[in-house]
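Structure record follows, encoded as structure tokens.
The values are calculated or read from the model by the stated rules, or taken from the named source; none is laboratory data. Model, not experiment: these values are computed from the prediction. Don't worry about glycine lacking a Cβ; one is built from the backbone with ideal geometry, like all the others, and counts go over all protein chains shown. What goes into the accessible areas is simple: the full protein's heavy atoms, side chains included, and nothing from ligands, DNA or RNA. Shrake-Rupley method; radii C 1.70, N 1.55, O 1.52, S 1.80 Å.
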Amino acid sequence: MRLLHKCAVCFLLLLMISFAGAQSDSSRAGEVLVRKLINGLTAVAMPLPNAAGMELTFQIRCGSIYENDSVRGGANLLQHLLANRVSSALRNAQNKGSLQQTTFLSYTTHEHSIFKLNTTSANIPLCLSLMKEYLYDAYIREEELKQAVDSVLLEIERGINDPAFVFEDRMLKRLYEKDYDKMNPLANPDKLKDISIAYIRDFHLRYYVVNNTTVTATGNFLFIPFEMYLKQTFNAVPKSAYDPEEITNIVDIRPITFTSQFIVEDSVSAPEFHIFWQFPGTNSNNKASYIAHLLTTMLNDNDNFIQVKAAKMGCKKLVAQYEANNFASILRVIVQPARFFTTYNFVVKELMRLEKTLVNESMMNAGKVQFRKNYEILQQTKLFPEKVVHHTAYKDNKYYSLLIDSVMTIDEKSMNLFVLNYMSRSPHITGVKISSALKASLKLDSLFNDINESVGDYVFRYRQNITELEGDTNLMMQNNLLQWLRINSDVYLQVNGYSDESEYNKVRDDTILAFIDSVPTVRARLADMIEKKSFSPAMMRALRIVKFLYENGITADRLSGTGMKFTSDTDEAEIENMKCTLSLEKLMKRSIVRVRNR
């Protein structure tokens, strides 16, 4: 058997060489055979003789990231439409006795539409013909579009009731903000019915073409018959008139500006913190993605300082995961702490200063050794061709095959620069999965609330001549503001106090006077006010919020306030003038608390 296997391998290699000279590009990535037919169809095969069956996947470069800004959800809608068509044809075929032992799965990501068949090698010809007919050839009908809309709406409805779905969706909204629609394949359910049949047909004609497709075969099958069936089925299919590579030039994913946090109630046995950073896509910065792969391995090393200290604190889980996408990648660090905030705060602090602790020659060398082991193990599984395929459809089809050699060349200087640019100096997102009972017992609403940069839009409301915050809404906003300033240590706040001419001219409070007197820079600036021992209502409103933040750990150099009086012509305008608003500024340095009266 070993001799036969060696002969088969040699024959495959000879076949690859001859095929390359004749009509296609051939290459090897580990044990993966990669072919590109003359019409542009890319085929990736990895025979696994001991597998129970085989998996045949059609990956179309067609996700939400390729849609225009005026129409969203078309890629997902089209995928559902075609998946419904394939599922129906598969059921009919099985009822007639063919395509037995075949299952089908389909879904859309922000980058791809996936159609996956699990079957046996005997079904390869029928499966290829089925996909050719129902993905590329057929005309799309109105009733199919209506059925697809119903399918997508059902998927969205199921997701709303699934905590795991809600968590990932909330993460996307925070991590990509204004680019959320590009990263979310489902789109707005209220607008799905507005997508026209003409748009879907045009979208199908543009993206569902062979030179925008990668076919992957893994499992128990023979490569030579598979290649023959593939050519027989698809060689006659014409390639698209346009170059799919052109669509990579229109994507622009903007970095997030601020750190934020959110909570999702889930029936988990133990609470989990998920911390996310936005990294460059592999298509835009290959070197950064290679560094990210190594960094992830280093973070998972049980002997590193963070892992050792977290384990001593009783941390049940500390795992780093890197999702290498073509346009925007994600680093996720999962923490399952025993000592809730103590462990989480320690891990976040250390992740924000890796250049001082983790990044050194010794840890990097250990990481490279472990990365090579992990890579070699992955090469023997069907996950490996999936990794290859994810990047083969793009400009650098050697990305994953060159990964191991590229990681080995990373030096300490490059790693340091990477963690400084993309972690230490960059905002992150933290999401918490926690049961409703534990959330209530820990009183998380006061310690870890669902907050983002929308705190900058907060408006604190007051009754006439009242300068202290009243009511649950005002107090909740003040607490959220405090939490947000704690996690955004490079943000500076100006509290803008307003009052109306109908209010008192002066307000006195000895605690505010004592606060001003305790901060030298403020005392010098407001000496005249201290001497008069009174302030305008507008100034007092701003100072009370500034004082609260200062006394709860926000440094004086990050806080300032203003006081402004306005004239009103109506009762409504008078009420509107009794408020405080916020101005946020993202800077690295600032010297003193500035309080000025206008």
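Brief remarks follow.
- Candidate set: the stretch 54-84, residues that are surrounded by fewer than 20 Cβ atoms within 10 Å (Cβ to Cβ) and not β-branched (Val, Ile, Thr); chosen: the one modelled with the highest pLDDT: 84
- The listed residue being in contact with a Ser or Thr (Cβ under 8 Å, 6 or more places away or on another chain), among the small types (Gly, Ala, Ser), surrounded by fewer than 19 Cβ atoms within 10 Å (Cβ to Cβ) and modelled with pLDDT under 95, out of 591, 518: 591
- Flag for residue 288 being in a helix (DSSP H, G or I), within 29 Å of residue 434 (Cα to Cα) and in contact with a strand residue (DSSP E or B) (Cβ under 8 Å, 6 or more places away or on another chain): no
- A search for C-beta distances below 8 Å between a residue of the stretch 530-541 that is more than 11 Å from residue 508 (Cβ to Cβ) and open to solvent by 20 Å² or more (accessible area, probe 1.4 Å) and any residue that is at pLDDT below 90 and part of a helix (DSSP H, G or I), counting only pairs 6+ apart in sequence or on different chains, returns 530/513; 530/516; 530/517; 530/523.
- Of the residues examined, residue 249 is not one that is over 22 Å from residue 484 (Cα atoms), touching a Phe, Trp or Tyr at 6+ places or on another chain (Cβ under 7 Å) and modelled with pLDDT under 95.
- Pairing residues of the stretch 88-100 that are of a type in the set (A, V, I, L, M, F, W, C) with residues that are open to solvent by less than 50 Å² (accessible area, probe 1.4 Å) and part of a helix (DSSP H, G or I), at Cβ distances under 8 Å and at least 6 apart in sequence or on separate chains, gives 89/130; 90/130; 93/130; 99/90; 99/93; 99/123; 99/127; 99/130.
- Residue match in the stretch 480-491 (condition: open to solvent by 80 Å² or more (accessible area, probe 1.4 Å) and closer than 22 Å to residue 538 by Cα): no
- Considering residues of the stretch 502-512 that are in a loop (DSSP other than H, G, I, E, B) and not aromatic (Phe, Trp, Tyr) only, the residue least open to solvent (accessible area, probe 1.4 Å): 503
- Residue within the stretch 388-396 that is under 21 Å from residue 55 (Cα atoms), touching a residue at least 24 places away in the same chain (Cβ under 8 Å), buried (at least 17 other Cβ atoms within 10 Å of the Cβ) and among the polar types (S, T, N, Q) present: yes
- Among the residues listed as 375, 400, the single one being among the aromatic types (Phe, Trp, Tyr), buried (at least 18 other Cβ atoms within 10 Å of the Cβ) and under 16 Å from residue 295 (Cβ atoms): 375
- Candidates are the residues of the stretch 134-170 that are outside any helix (DSSP H, G or I) and modelled with pLDDT under 90; the one that is nearest to the chain's Cα centre (by Cα) is 161.
- Pick from the stretch 182-201, criterion among the polar types (S, T, N, Q) and touching a residue at least 40 places away in the same chain (Cβ under 8 Å), ranking: farthest from residue 426 (Cα to Cα): 188
- Top-ranked residue in the stretch 156-181 [being out of contact with any strand residue (DSSP E or B) (no Cβ under 9 Å at 6 or more places or on another chain) and touching a residue at least 60 places away in the same chain (Cβ under 8 Å); ranked as least open to solvent (accessible area, probe 1.4 Å)]: 177
- Boolean, residue 352 is over 18 Å from the mean Cα position of the chain (by Cα), under 21 Å from residue 276 (Cβ atoms) and of a type in the set (A, V, I, L, M, F, W, C): yes
- Pairs with Cβ under 6 Å, 6+ apart, first in the stretch 338-362 and within 12 Å of residue 416 (Cα to Cα) and touching a residue at least 12 places away in the same chain (Cβ under 8 Å), second exposed (fewer than 14 other Cβ atoms within 10 Å of the Cβ) and not acidic (Asp, Glu): 357/305
- Tally of residues being among the polar types (S, T, N, Q) and in contact with a strand residue (DSSP E or B) (Cβ under 8 Å, 6 or more places away or on another chain) across the stretch 276-285: 2
- Sole exception among (1) closer than 22 Å to residue 584 by Cβ; (2) at pLDDT below 95; (3) touching a Phe, Trp or Tyr at 6+ places or on another chain (Cβ under 7 Å) for residue 539, by number: (3)
- The requirement of being assigned to a helix (DSSP H, G or I) and open to solvent by 30 Å² or more (accessible area, probe 1.4 Å) is satisfied by residue 225.
- Candidate set from the stretch 258-285 (those that are β-branched (Val, Ile, Thr) and in a loop (DSSP other than H, G, I, E, B)); member that is most open to solvent (accessible area, probe 1.4 Å): 268
- Filter result for residue 109 (surrounded by 21 or more Cβ atoms within 10 Å (Cβ to Cβ) and in contact (Cβ under 8 Å) with a residue 60 or more places away in the chain): no
- Those residues of the stretch 455-479 which are more than 14 Å from residue 584 (Cα to Cα), aliphatic (A, V, I, L, M) and surrounded by 18 or more Cβ atoms within 10 Å (Cβ to Cβ), in sequence order: 469, 477
- Considering only residues in the stretch 298-344 that are polar (S, T, N, Q), out of contact with any strand residue (DSSP E or B) (no Cβ under 7 Å at 6 or more places or on another chain) and farther than 24 Å from residue 168 by Cβ, the one that is surrounded by the fewest Cβ atoms within 10 Å (Cβ to Cβ) turns out to be 302.
- Residue among 533, 547 that alone is at pLDDT below 90 and among the charged types (D, E, K, R): 533
- Among the helices (runs of 4 or more DSSP H) confined to the stretch 388-501, the ones with at least 1 residues that are within 25 Å of residue 166 (Cβ to Cβ) and not polar (S, T, N, Q) are located at 436-442, 444-447, 471-487.
- Yes/no for residue 98 being at pLDDT 90 or above, among the small types (Gly, Ala, Ser), closer than 30 Å to residue 224 by Cβ and part of a loop (DSSP other than H, G, I, E, B): yes
- Scope the stretch 182-202; condition farther than 24 Å from residue 278 by Cα and surrounded by fewer than 16 Cβ atoms within 10 Å (Cβ to Cβ); matching residues: 189, 190, 191, 193, 194, 196, 197, 198, 201, 202
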